[in-house]
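A.B. asks: I have a structure I would like to understand better, so I am pasting it below and will then ask my questions one at a time.
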């Protein structure tokens with residue numbers, strides 16, 4: 001019984017690793033970030049200045065797609081968003097519990113790349129959750145940080161649990 005519980009807790013059904021929620025537009029990171037080499041910060045514009053990376057606005061999408069592929073079926077939700085003045089409702093792929101505080105800007109400023117946590121999204125046709133994002137996963141990284149990250153103060157629980 002205990003082994004079964006252990007296996008379930010570490011399985012994709014519990015961790016949701018590989019989970020790819022339906023989106024209002026089937027956005028391909030493989031095409032945009034991989035093939036076209038558009039920087040993550042173009043669409044996730046607040047990643048360097050706020051705790052949240054932000055989701056792309058209708059205007060961000062239409063900065064290119066008002067000129068190219070604007071009349072395709074895939075982009076109808078974007079055009080409808082503009083016409084009706086209703087923002088696109090993207091569904092989060094990597095979501096943390098409400099009691100966990102995470103600040104993207106601090107991690108980006110310390111040189112942690114998007115791929116460290118989110119996987120190689122440039123290879124993903126549809127974005128899927130790449131890592132567990134549980135406490136053990138975060139602590140493992142902070143105990144053996146990549147490059148110039150010095151997270152010694154993160155042994156205090158209230159740093160993340162606010």
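A.B. asks: If you consider only alpha-carbon coordinates, what radius of gyration and Dmax does the stretch 80-128 have, in Å?
C.D. replies: Expressed in Å, the Cα Rg and Dmax of the stretch 80-128 come to 14.7, 40.
A.B. asks: Under a crude label model (7 Å from the Cα following the beta-carbon direction), how far is residue 76 from residue 113 in nanometres?
C.D. replies: Inter-label distance under the simple model: 3.8 nm.
A.B. asks: Starting from the Cα-Cα distance between residue 20 and residue 91, subtract it from 0.36 nm times their residue separation and give me the gain in nm to one decimal. Don't skip to the end; give the middle numbers.
C.D. replies: On the way: separation 71, 0.36 × 71 = 25.56 nm, distance 0.94 nm.
Gain on stretching residue 20 to residue 91: 24.6 nm.
A.B. asks: Let me know the volume per residue of the alpha-carbon convex hull for the stretch 22-162, in Å³. If you can, show how the numbers build up before the last one.
C.D. replies: Values: hull volume 17.2 nm³, N = 141.
Roughly 122 Å³ of hull volume per residue.
A.B. asks: Give me the distance in nm between label points sitting 7 Å out from Cα along the Cα-to-Cβ direction at residue 48 and residue 106, one decimal.
C.D. replies: 2.0
Coordinate-derived values only; no laboratory data. Because the structure is a prediction, the values reported are computed rather than measured. So basically every Cβ, Gly included, is an ideal-geometry build from the backbone, and we count neighbours across all protein chains shown.
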